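Accompanying notes for the structure given below.
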Amino acid sequence: MPQIRLNGLNIYYEMHGKGETIILLHNGFSCTKMWEGIYPRLVEAGYRVLMYDRRGYGQSDQGENFAAYYTGDDFRSDSVSTMASLVQALDVEHFHIVGQCEGGVVGVDYSVRFPEQVKTLSTASTFCFSTISLEAFNQQKFPASFDLLPDGIKDKYVYWHGPGRAESFYNLCSRYGGCYGRGIFDLRPAIAAVSCPCLVMYADRGHFFEVEQGVAFYRHLKKGELAVFPKCGHNIFEHYPEDYARQVIAFIQRHSS
């Protein structure tokens, strides 16, 4: 099990393939395992794929008082700092980023802070802005507790995070917003500062975010492209894994120097 020690914590990561590097950033509820239907297609297309579990997710350490860390003001910026430490430790200088949902927030923030490293950014089902607090939003969208989840979703959480912390992780994540924070969320100022080409992928039938969120995201980009997936729910990577990978590969190839 490959792990690297960063800031006193063991961070789980995987590296596959050869070629230009694509970094896959998981969403706010899962871990690297969510990419099982995506990364082999990228490797087959001639890319090297790096993916990792952010602090507290999957097989990475939670550290002391993870709940306070997760709900704290530093969670979002620390996600970027940890990624910067990881790529430096692994000697990855330039790369493409693909971020799913909350991973797209990390990708946007990273692209703004380290524009010289990021060749392209692809996001999927990433929230653009809210009109109510994220706590209120989550109360509308998620079951109140782990016990109220369908059995299939419970099984996913156990698979992603292990039986020891699946329930506590869900109960925390479904109440608070992680990279999104607890109050009103607005990614638009950061989006406008992204200088690299950016592909926005969105579902037309997402349970959490309406497709208009994807259009707003796209409208605020300097070098944006928009792809809407028809008859598709929030997790595009599950509904259309082949098309998801194909869109990313074609986008990267369009902007390769």
Original post:
Going through the stretch 138-164 one residue at a time, which ones are over 21 Å from the mean Cα position of the chain (by Cα) and aromatic (Phe, Trp, Tyr)?
Top reply: Phe146
Subject >> Residue that is least open to solvent (accessible area, probe 1.4 Å) [pool: residues in the stretch 158-179 that are in contact with a Ser or Thr (Cβ under 8 Å, 6 or more places away or on another chain) and under 22 Å from Tyr110 (Cβ atoms)] >> reply: Cys179
Subject >> One residue from Ile191, Ile153 being at pLDDT below 95 and either under 16 Å from Cys128 (Cβ atoms) or assigned to a helix (DSSP H, G or I) (or both) >> reply: Ile153
Original post:
Can you name the number of the only condition in (1) in contact (Cβ under 8 Å) with a residue 40 or more places away in the chain; (2) within 22 Å of Lys119 (Cα to Cα) that Thr71 fails?
Top reply: (2)
**OP:** Kindly provide the set of residues from the stretch 181-216 that are within 14 Å of Gly107 (Cα to Cα) and in contact with a Lys or Arg (Cβ under 8 Å, 6 or more places away or on another chain), ordered by number.
**Re:** Ala192, Val194, Ser195, Cys196, Pro197, Cys198
Original post:
Just a yes or no: is a residue in the stretch 174-187 at pLDDT 95 or above and more than 30 Å from Phe146 (Cβ to Cβ)?
Top reply: no
**OP:** Would you tally the residues in the stretch 3-32 being under 18 Å from Thr123 (Cβ atoms), polar (S, T, N, Q) and in contact (Cβ under 8 Å) with a residue 40 or more places away in the chain?
**Re:** 3
**OP:** Would you mind stating whether Asp74 is farther than 17 Å from Tyr57 by Cβ, charged (D, E, K, R) and over 16 Å from the mean Cα position of the chain (by Cα)?
**Re:** no
Original post:
Going through the stretch 57-111 one residue at a time, which ones are out of contact with any helix residue (DSSP H, G or I) (no Cβ under 7 Å at 6 or more places or on another chain), small (Gly, Ala, Ser) and part of a helix (DSSP H, G or I)?
Top reply: Ala68, Ser77, Ser81, Ala84, Ser85, Ala89, Gly103, Gly104, Gly107, Ser111
**OP:** Can you tell me which residue within the stretch 59-80, out of those that are crowded, with 16+ Cβ neighbours inside 10 Å, among the hydroxyl-bearing types (Ser, Thr, Tyr) and at pLDDT 95 or above, is farthest from Arg165 (Cα to Cα)?
**Re:** Ser79
Original post:
Hey, any hits in the stretch 195-204 for a residue that's in contact with a Pro (Cβ under 9 Å, 6 or more places away or on another chain), surrounded by fewer than 16 Cβ atoms within 10 Å (Cβ to Cβ) and modelled with pLDDT of 95 or more?
Top reply: yes
Original post:
Can you tell me which residues in the stretch 131-157 are surrounded by 16 or more Cβ atoms within 10 Å (Cβ to Cβ) and among the aliphatic types (A, V, I, L, M)?
Top reply: Leu134, Leu149
Original post:
Out of all the residues in the stretch 180-188, is one or more within 29 Å of Gly63 (Cα to Cα), open to solvent by 50 Å² or more (accessible area, probe 1.4 Å) and out of contact with any helix residue (DSSP H, G or I) (no Cβ under 7 Å at 6 or more places or on another chain)?
Top reply: yes
**OP:** Just give me the residues in the stretch 208-247 being without any contact (Cβ under 8 Å) to a residue 24 or more places away in the chain, among the acidic types (Asp, Glu) and either closer than 19 Å to Glu102 by Cβ or open to solvent by 70 Å² or more (accessible area, probe 1.4 Å) (or both), in sequence order.
**Re:** Glu210, Glu212
Subject >> Answer residue from the stretch 24-50, given it is open to solvent by less than 10 Å² (accessible area, probe 1.4 Å) and assigned to a strand (DSSP E or B) and is farthest from Ser256 (Cα to Cα) among those >> reply: Leu25
Subject >> Selection count where residues are aliphatic (A, V, I, L, M) and outside any helix (DSSP H, G or I), scope the stretch 194-218 >> reply: 5
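The values are calculated or read from the model by the stated rules, or taken from the named source; none is laboratory data. Please read all numbers here as calculations on a predicted model, not as lab measurements. Counting neighbours? That spans all protein chains shown, and the Cβs are built from the backbone with ideal geometry, glycine included. Ligands, DNA and RNA are excluded from the accessible area calculation, which covers all protein heavy atoms including side chains. Shrake-Rupley method; radii C 1.70, N 1.55, O 1.52, S 1.80 Å.
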